[in-house]
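**Student:** Before we start, here is the structure in question, set down as C-alpha cells.
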C-alpha cells in the first residue's frame, strides 16, 4: 500500500476518532503523553488489519471503524489493568519500609537471594555441588589434548568468532572441535552442565 492509498484509507474521520481515544487514554492506566505516537500507530494498524473484514451491507464504514477503535482501546485498558501488570502496584525497591517500630530499611534489603533467584527462574547450585563440579571439570580438562584444552580455556571468555579471528582457525574447524570437546565432557558424565 503506497502513501496515497494509506491516506485515503485513514481518512479524516479515522484520524479524528483515533486522536480522541488516545486523548482519553492519556493519564489512565499508566499511559503518558510520550506514549501518544505508539498508541496512534497501534490503533492505525488495528484499523488497517480490520478493514478487509468490513462489509458495507452490514454497517456504515464510520460505525465499523468506531467499533474497531473502541474495542481495541477497551482491550488495551483491560490488559494494562490486569493484576500482574497493574502500574499502580509497582513500586521502587528503594522505598523505605518499616521493619519494626524503631527500624526502617529499603525494600530491596528485605528480598532474600532465594526469592530473587526464584523470580528470575534461576536455581543456583549449593557450595558442595559447585565444589564437585569444579573438581570434575578440572579432571576432564587435565585429560584433554593441548588443542582442546586451549579451546576450552578460551571459551570461558570468548565466543567462536573471536577465537577464530585471534587464532586464524576457521570457525567451521572450531565448531567441530567444540563438538569433540562436548563429547569428552558428556562421556565424563557432565552432560547436564553443558
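**Student:** Restricting attention to segment 142-157, which residues are in a helix (DSSP H, G or I), over 34 Å from the mean Cα position of the chain (by Cα) and surrounded by 10 or more Cβ atoms within 10 Å (Cβ to Cβ)?
**Tutor:** 143, 147, 148, 149, 150
**Student:** Which is at pLDDT 90 or above and surrounded by fewer than 16 Cβ atoms within 10 Å (Cβ to Cβ), of 63, 80?
**Tutor:** The conditions single out 63.
**Student:** Just checking, which of 114, 120 is outside the structural domain of residue 187 (by TED's automatic domain parsing), closer than 30 Å to residue 28 by Cα and free of Cβ contacts under 8 Å to residues at least 12 places away in the same chain?
**Tutor:** Checking each option against the conditions leaves just 120.
**Student:** Does residue 139 satisfy the criteria of being part of a helix (DSSP H, G or I) and without any contact (Cβ under 8 Å) to a residue 40 or more places away in the chain?
**Tutor:** no
**Student:** Also: If we keep just the residues of segment 113-141 that are in contact with a helix residue (DSSP H, G or I) (Cβ under 9 Å, 6 or more places away or on another chain) and within 25 Å of residue 184 (Cα to Cα), which is surrounded by the most Cβ atoms within 10 Å (Cβ to Cβ)?
**Tutor:** Among them, the one singled out is 140.
**Student:** Among the numbered conditions (1) outside any helix (DSSP H, G or I); (2) surrounded by 11 or more Cβ atoms within 10 Å (Cβ to Cβ), tell me where residue 189 comes up short.
**Tutor:** (2) is the only condition that residue 189 fails.
**Student:** Now a separate question. Could you tell me which numbered condition residue 179 fails, if it satisfies all but one of (1) within 34 Å of the chain's Cα centre (by Cα); (2) surrounded by fewer than 11 Cβ atoms within 10 Å (Cβ to Cβ); (3) under 30 Å from residue 114 (Cβ atoms)?
**Tutor:** It is condition (3) that residue 179 fails.
**Student:** Is it true that some residue in segment 21-31 is modelled with pLDDT under 80 and over 22 Å from the mean Cα position of the chain (by Cα)?
**Tutor:** yes
**Student:** Any chance segment 1-19 includes a residue that's within 20 Å of residue 67 (Cα to Cα), surrounded by 15 or more Cβ atoms within 10 Å (Cβ to Cβ), at pLDDT below 85 and assigned by TED's automatic domain parsing to the domain that holds residue 70?
**Tutor:** yes
**Student:** Of the numbered conditions (1) over 32 Å from the mean Cα position of the chain (by Cα); (2) touching a residue at least 12 places away in the same chain (Cβ under 8 Å); (3) more than 30 Å from residue 13 (Cβ to Cβ), residue 66 fails exactly one; give the number of that condition.
**Tutor:** All conditions are met except number (3).
The values are calculated or read from the model by the stated rules, or taken from the named source; none is laboratory data. Just so you know, these numbers come straight off a predicted model, no measurement behind them. Virtual Cβ from ideal backbone geometry, glycine too; neighbours counted across all protein chains shown.
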